[in-house]
Amino acid sequence: MVGVIDLGNRPEPFKFIKFPPKSELGLKITVGQDGETLTLECQKPIKGIVLDVDGDDVKWSDQAIDLVPGDPQTIRAVGLNGREVQARFLGDGTA
């Protein structure tokens, strides 16, 4: 049937989702020996991770990524120069 919309099992808008506490996410960001390769891992799914550092800009190979357990992601951070990486994401309480 054309034009029929199934409203069952639709995802909730983000504003209605109850996110787990940051302490339960298990977000781990590891900087590789080259100083420009980052590996991101988690124990619970994380939506929309945005990476940042203080000071001069870094050229990120990816931004605003979603992370799920068991699927580590590798990001290049050209110009990181040993600075600490900060992560913000949906539901982290910063917005």
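Quick one: which residues, 5+ away or cross-chain, put their amide H under 5 Å from the amide H of residue 37? H built at 1.01 Å from N.
32, 77
Please give the contour-minus-distance gain from residue 50 to residue 71: 0.36 nm per residue of separation, less the Cα-Cα distance, rounded to one decimal in nm.
Between residue 50 and residue 71, full extension yields 5.8 nm more.
What nm value, rounded to one decimal, do you get for the distance between residue 57 and residue 23 when each label is placed 7 Å out toward the C-beta?
For the pair residue 57/residue 23, the computed spacing is 3.8 nm.
Each residue of segment 71-81 in order: what ³J(HN,Hα) in whole Hz does its phi give by Karplus 6.51 cos²θ - 1.76 cosθ + 1.60, θ = phi - 60°, with x for Gly and Pro?
Coupling constants for segment 71-81: 9, x, 10, 10, 10, 8, 10, 6, x, 5, 6 Hz.
The numbers here are math on the coordinates, done by the rules we state, and not lab data. All values derive from a computational prediction rather than experimental measurement. No Cβ is skipped: glycine too gets one built from the backbone with ideal geometry, and neighbour counts run over all protein chains shown.
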